1. If you check Lys87, Lys158, which single one turns out to be under 22 Å from Glu8 (Cβ atoms), at pLDDT 80 or above and open to solvent by 10 Å² or more (accessible area, probe 1.4 Å)?
2. Condition (residue is part of a strand (DSSP E or B), modelled with pLDDT of 70 or more and charged (D, E, K, R)) applied to the range 53-67: is it met by at least one residue?
3. Residues that are loosely packed, with under 13 Cβ neighbours inside 10 Å, modelled with pLDDT of 85 or more, of a type in the set (Gly, Ala, Ser) and not in a strand (DSSP E or B): does the range 31-39 have at least one?
4. Being modelled with pLDDT under 80 and more than 24 Å from Met44 (Cβ to Cβ) is the filter here; which residues of the range 141-155 pass it?
5. If I ask for residues that are at pLDDT 70 or above, in a strand (DSSP E or B) and farther than 16 Å from Asp92 by Cβ, which ones from the range 1-22 would you list?
6. Going through the range 90-127 one residue at a time, which ones are at pLDDT below 90 and not in a loop (DSSP other than H, G, I, E, B)?
Amino acid sequence: IFQSVLTEFDANSGNLENIKRFDNNSSYSNAFPSAVGYGRSAHMAEKNNYLYILTSFRNSMSFPNATITSSTYYNGNYYSEELVLFKMNLLDFSSEFILKSQGVQNLPNYVTDLPGPILFNNDDLYLTATFGSTPMQINGATINNNSGNNNPDAMLYKYNLTSTDTKY
């Protein structure tokens with residue numbers, strides 16, 4: 001099980017200024033076998049003194065505004081993981097839950113949703129992921145895995161910071 005940590009160091013002295021651990025309970029530290037070889041524990045983007053973090057998680061994560069729980073499947077080799085997006089205030093390192101995915105076990109070898117790079121375009125935050133669940137639900141949208149060969153599929157999802165209108 002891997003946890004993630006965010007640290008802030010003083011650029012001049014090298015002293016540790018802040019540290020925040022987030023317990024995402026990920027099983028995938030660097031790479032997932034075979035088709036999801038580029039999966040990572042977390043991807044981040046900064047906007048207006050907030051760091052937005054997309055990571056995979058399993059079990060539960062607690063935030064000041066919510067405690068979330070993932071669906072848990074185990075196929076004898078791997079646990080399933082779902083996606084979570086949250087933001088961290090870079091001034092005081094407080095965190096806030098934004099959204100999570102919910103996966104449905106489908107693929108025989110692995111059932112996991114892993115984060116990909118994220119980026120901003122104005123107030124739109126684009127999330128990418130590799131997902132093996134079918135379907136995957138995120139923020140009210142249902143996304144089907146259409147790979148057709150029991151392999152993971154790619155997702156591009158647009159989340160707008162100022163509106164509830166989202167597209168994928």
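1. Answer to the check: Lys87.
2. Scanning the range 53-67, I find no residue that is part of a strand (DSSP E or B), modelled with pLDDT of 70 or more and charged (D, E, K, R), so the answer is no.
3. The answer is no; no qualifying residue exists.
4. Once the filter is applied, which keeps residues that are modelled with pLDDT under 80 and more than 24 Å from Met44 (Cβ to Cβ), the range 141-155 yields Asn144, Asn145, Asn146, Ser147, Gly148, Asn149, Asn150, Asn151.
5. Correct list: Ser4, Val5, Phe9.
6. Within the range 90-127, Ser101, Gln102, Gly103, Thr112, Asp113, Leu114, Pro115, Gly116 qualify.
The values are calculated or read from the model by the stated rules, or taken from the named source; none is laboratory data. Because the structure is predicted, anything quoted here is derived from the model rather than measured. Cβ: placed from backbone, ideal geometry, glycine included. Neighbour counts: every protein chain shown. Note: accessible area is taken over every heavy atom of the protein model, side chains too, but ligands, DNA and RNA are not part of it. Shrake-Rupley method; radii C 1.70, N 1.55, O 1.52, S 1.80 Å.
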